[in-house]
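Engineer: The structure is given below, and queries will be raised subsequently.
Each reported figure results from applying straightforward, stated rules to the coordinates on display, with no laboratory input. Worth saying up front: this structure is predicted, and the values here are computed from it rather than measured. Counting neighbours? That spans all protein chains shown, and the Cβs are built from the backbone with ideal geometry, glycine included.
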Amino acid sequence: MLKRVPALPALMGVSLLGAVLAVVVQGTSVSSIVQFMTSGFSIETGVGAVDSLLNRGGLTSMLGTVAF
């Protein structure tokens, strides 16, 4: 925001940085990262409010909004 960078390149850059950090720090495979980005993340914590916040659909869930 301070550097007046357009939103889309900034979001793409931060996503790429997060993926690189996930590989380096957490040891996540690249295929897992691609799967999380496309189909979303899923976890069961036992707390309904937390589950509804964390379980999202990824890019495929937003395709209808973005494509039309």
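Engineer: Taking 7 Å along the Cα-to-C-beta vector as the label spot, tell me the Val25-Ala49 distance in nanometres, rounded to one decimal.
Structural biologist: Roughly 2.6 nm, to one decimal.
Engineer: If each residue of separation counts as 0.36 nm, what is the full-extension length gain between Leu17 and Ser42 once their alpha-carbon separation is subtracted?
Structural biologist: 6.9 nm
Engineer: For the pair Gln35/Leu8, report the inter-label distance in nm, with labels modelled 7 Å from Cα in the Cβ direction.
Structural biologist: In this crude label model, Gln35 to Leu8 measures out at 3.0 nm.
Engineer: If each DSSP helix of 4+ residues adds -39,500 (n - 2.57) and the sum is divided by the residues in the chain, what number results at 222 nm, nearest 500 deg cm²/dmol?
Structural biologist: -18000 deg cm²/dmol, from helical runs alone.
Engineer: Rounded if a/c is under 1.5, else prolate if a/b is larger than b/c, else oblate: which is the chain, with a ≥ b ≥ c the root eigenvalues of its Cα gyration tensor?
Structural biologist: The shape class here is oblate.
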